[in-house]
Structure formats: structure tokens, C-alpha cells
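None of the figures in this text is laboratory data; all of them are computed from the coordinates on show. All values derive from a computational prediction rather than experimental measurement. For neighbour counting, all protein chains shown are included, and Cβ atoms are generated from backbone atoms with ideal geometry for every residue, glycine included.
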Amino acid sequence: MPIFPGAPVRGALTLPGSKSITNRALVLAALAERPVTLRGALFSRDTRIMVAALRELGFRVETDEAALTITVHGCGGEIPAREATIDVGNAGTAARFLTALVCLRRGGVYHFDGDAAMRARPIAGLLDALTQQGAEASARQFPFTLRTAGLAGGRVRLDASASSQLISALLLVAPRAATPLRVELIGDTVSKPFVTMTERMVSDFPARFAPHTRAADKPNPQAATARTAEAEAASAGGADAAVLDYEIEGDATAASYFAALPVVTGGGQLSLGGLKLGPDALQGDTAFIALLAERGLIRHEGRSISRSAADAPPHGIDADFNAFSDTFLTLAAIAPLLKGPTRITGIAHTRHQETDRVAGMARELRKLGQHVIETEDALEIHPRPLVPDQVIETYHDHRFAMSFGVLGCHDLRGDGQPWLSIKDPSCCGKTFPEFFDVLDSLRQSAAQTAAVS
């Protein structure tokens, strides 16, 4: 699909709901003792996989895509179906969270599988931890059959170095363990803001089972790098049948693409509806907007993102993206337009996500004529003249499609004609099915504004 360049972008958009929050909230709602309605929920490939899996497990789930609501009738920590077959596709949150969720059932048998990419993604650390709770897994990667024995609680050791979702999976179900569950990390983990998101959601969720959850960074006498996280159950019975509401924040990772647009189009202003900022925001990926503003690439006031053609030329950035790594592709894709090199570190773990994101990004940037230095944990991008008429390979990864879709909005030739194409733009269905429609709408709006002025 060719990308049409645009004039300095102006307008407003409403961000889709956060996938990370929606899928966590779906699990928490399934654990509740009364119905919970998620408002502003995301309807995308990953959330539909989670909804389908919950229904396969016997939960009643009602969806209204027009109203952006999902109502889950929780079963108070019970898993209705004793046996089920669950296909998680390439949805990492669904894969990890559902694996932990079914272990609440004693005597359950659950068959898990995913697509080819999921079969290479890390799950062994979580399965090892659940084995300590009596579960039996037929393999340490997808596909596997999991025979469950309930969650007795107590001390569990977990290697979550490959993905923070492994610890989030345990934290989500810990309130329904028979006794308080103490999770001791072996080594460290990545993308820590997502762990904080999980802890806060468990603590603040409007169902009456919600416990007080906290993470403690205490040194382990046996390993100085170890960390601990605790979740204590505090179930309360007698909940009535009233439906509770939970509001889903707009997707902060999706916001990164639109935050970069004024840089790409040479200026403009955008208002990002649904984005929550400040100390009450759950999503660590809001750090991307703060980083661009701090380094002078954009200005931002509340939900308003802007850049003036009179601003100083945008310079390359040297930053550690470990805590908000989903947004590193956004910066890497626009790096050819920045003055001087851009260096992105802390991203080794993204080699094990939807695809090897480090290698894939290096490959596509080189295709565009860029000088790229790739290490295990970093990319260093030295801008060179862009080579037009290239087709970007997306590797079935939505973040490649959206990041390079933004780069394609740069008017490289100065004639408003496409110079960059995206292969398989439909992969955006994973988290943002309407992405290219929104991008085109903003382009047309900018063109109309430019014509009038």
C-alpha cells in the first residue's frame, strides 16, 4: 500500500483504547464476583483473541463494538470449563495471562497453541513458576497441554527476564490464590512500567475482590539482582449483581505515531483525544512524548502536540528505551529525518516479540539507504539520503507498519506523491485496525487547510 505524503498536519483524533489495559481488565473482570463493563475498550485482533478464549473457558462475555463496551460476568475466581483448547495467535498478553488464569482451576486440562511466531516467543519462565504450584506442562513452549492443580499460594520463583508479561500474568491471578502468593524474581525484568500498570490495576479495579498489591525492590541475600513482588488476596464475599464500570485509557503507544507526525510533515498541531497523562496515567509509553518534547522535537501541552516550521531542526536522540520499548520503532523510523545520529539502547528483549524487532528495523532502514550499526541491545542510525520507491516488509508486526507509515507521510520529493509502500498494512488489526484510515483522514484535512490558507 503506497503512503501519500501530507502537508503540516492539523486536527484532532481519538485514540483507540489501550490493548495492554483492555486485556488486563478482561482477566480482572473474569475474576470478579459481579459483572464488570469495560468502557472505551479496544476491539482489535489481540482483544478479540482474549474475548474468544474467555468464552471458550465458559465465561459470559457481551460485546458492543459500536459503543466500545465489553461486559464480563465474572465467576469469583472459578474457571467454568474443566477442559478447553485455546488458540492465542500471536497475542503475547493473551498467551501469558490465560496460561496463569487457567491454573486457578483444580483438575483442569487446557490445550494451548499459537501461530508460528508465538511458538518462538518466551513462555518457559511462567510455566516453570506454575509448575511450582502443581501444574504440569507438556512442553516449555507453544504448543503445550497444561494440567492444573489450583494456586496454593506461597513462594514462587520466576525468571521474567525475557518479558514483563510473565510477572504480570502471576500478579493478575494472585488475588485468587488460596493463600498469599509471593513472587520472587530470578534476576531482573524488562519494561517495568507494565508491571507497575498491572499492580495498579489489580489494586484499583472496581470489583470487591481487589487486594492491596505492591512491589518491593529488596535485595536477595543469594542474588543481588533479585527483586520481589507481592500480591495478597483480600476477597470479599456477598457482592451484589450491580454492574461495575471500568474506563480504558487511550493507547499511549499509538499516540507515539501521531506525536512524531509534526516532525515528519514539517510542523503542525494535533490533539490526541483519550490520552491520559500525568501521575494517574497507567501507561509508561507516555514517556515517548515527554522524550520528544524534552529534546526539542515537539512541543506538548496536555493532549496537544505541535511543532512550528520556525523551530530549530530536529536532532537525533540518544536514549534508553527499555522501559517503553514498544515506541522505539517510532523513533527509529523517523531517524532518517533527524540531524545527526540517533542511538536507541535497552531493546534486546524486543528480539523476542512479534518478530526480531531490532534486526527487522535495521534491515528496513538499510533498504532505505541508512547507515545502521546493530548490536544485541541497540541500534545506532546515521541519516543518509532516503532511497525512494521501497516496499517496507512488516514481518506481520503492526508496529513496523505504523512506524514506517508515519515516515511515508514525509513529502520526500516535494510533489505530494507516494515514495514509500507498506506490505501487509492489515497487520495493524492487532492493536489499531483503523490506523491508516485515521492517517489518511489527517492528511486530507491538512491538505484542505493548506488549500484554504
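Brief remarks on what is shown
- Once the chain from residue 413 to residue 178 is taken as fully extended at 0.36 nm per residue, the excess over their C-alpha distance is 78.2 nm.
- 10 Å-binned pair-distance histogram of the stretch 1-144 (Cα, whole percent): 11, 38, 30, 13, 6, 2, 0
- In sequence order, the stretch 368-385 has phi-based couplings of 8, x, 8, 8, 10, 9, 10, 10, 4, 10, 7, 10, 10, 10, 9, x, 9, x Hz under the Karplus curve 6.51 cos²θ - 1.76 cosθ + 1.60, θ = phi - 60°, and Gly or Pro positions carry x.
- The Cα center of the stretch 43-61 and the Cα center of the stretch 27-42 differ in position by 12 Å.
- For residue 383, net neighbour charge (Lys/Arg +1, Asp/Glu -1) across residues whose Cβ lies under 13 Å away: +3
- With Cα atoms, 0 to 90° folded angle of helix 192-204 axis to the chain main axis: 50
- This model, with +1 at the C-beta of Lys and Arg and -1 at the C-beta of Asp and Glu, gives the chain a dipole about its Cα centre of some 400 debye.
- For residue 83, the amide hydrogen comes within under 5 Å of the amide hydrogens of 109, counting only partners 5 or more places away or on other chains and with H modelled in the peptide plane.
- Principal-axis tilt of helix 252-264 within the chain, Cα atoms, nearest 10 degrees: 10
- Point-to-point label distance, residue 301-residue 200, nm (Cα→Cβ direction, 7 Å offset): 2.5
- Computed from backbone phi, the HN-Hα couplings of the stretch 329-334 come to 5, 4, 5, 4, 5, 8 Hz, rounded to whole numbers (Karplus: 6.51 cos²θ - 1.76 cosθ + 1.60, θ = phi - 60°; Gly and Pro given as x).
- Within the chain, DSSP assigns beta bridges of which about 60% are antiparallel (rounded to the nearest 5).
- Here's how it looks for residue 10: its modeled amide H is under 5 Å from those of 269, 446, which are all 5 or more places away or on a different chain.
- Each Cα pair under 8 Å and six or more residues apart adds its sequence gap; the mean of these over the residue count of the chain is a relative contact order of 18 percent.
- Amide H contacts under 5 Å for residue 392, placed H, 5+ residues apart: 421, 422, 423
- C-alpha long axis of helix 435-452 to longest principal axis of the chain, angle in °: 30
- DSSP bridge orientation in the stretch 19-232 - percent antiparallel, rounded to nearest 5: 70
- Structure-based [θ]222 nm, the chain - -39500 (n - 2.57) summed over DSSP H runs of at least 4, per residue, nearest 500: -9000 deg cm²/dmol
- Modelled FRET efficiency - R0 25 Å, residue 424 with residue 39, Cβ distances, 0.05 increments: 0.20
- A Förster distance of 60 Å, applied to the separation of the beta-carbon atoms of residue 111 and residue 293, puts the FRET efficiency at 0.80.
- Across the stretch 80-93, computed HN-Hα scalar couplings (Karplus, 6.51 cos²θ - 1.76 cosθ + 1.60, θ = phi - 60°) run x, 8, 6, 9, 7, 10, 10, 9, 9, x, 10, 8, x, 5 Hz from first to last residue, x flagging Gly and Pro.
- FRET efficiency, 1/(1 + (r/R0)^6) with R0 22 Å, evaluated for residue 339 and residue 391 via beta carbons: 0.20
- Straight-line cross-link reach from residue 430 at under 14 Å between alpha-carbon atoms covers these aspartates and glutamates, not counting any fewer than eight positions away in the same chain: 46, 115, 251, 326, 354, 397.
- Separation of the stretch 317-337 from the stretch 70-101 is 33 Å, based on Cα centroids.
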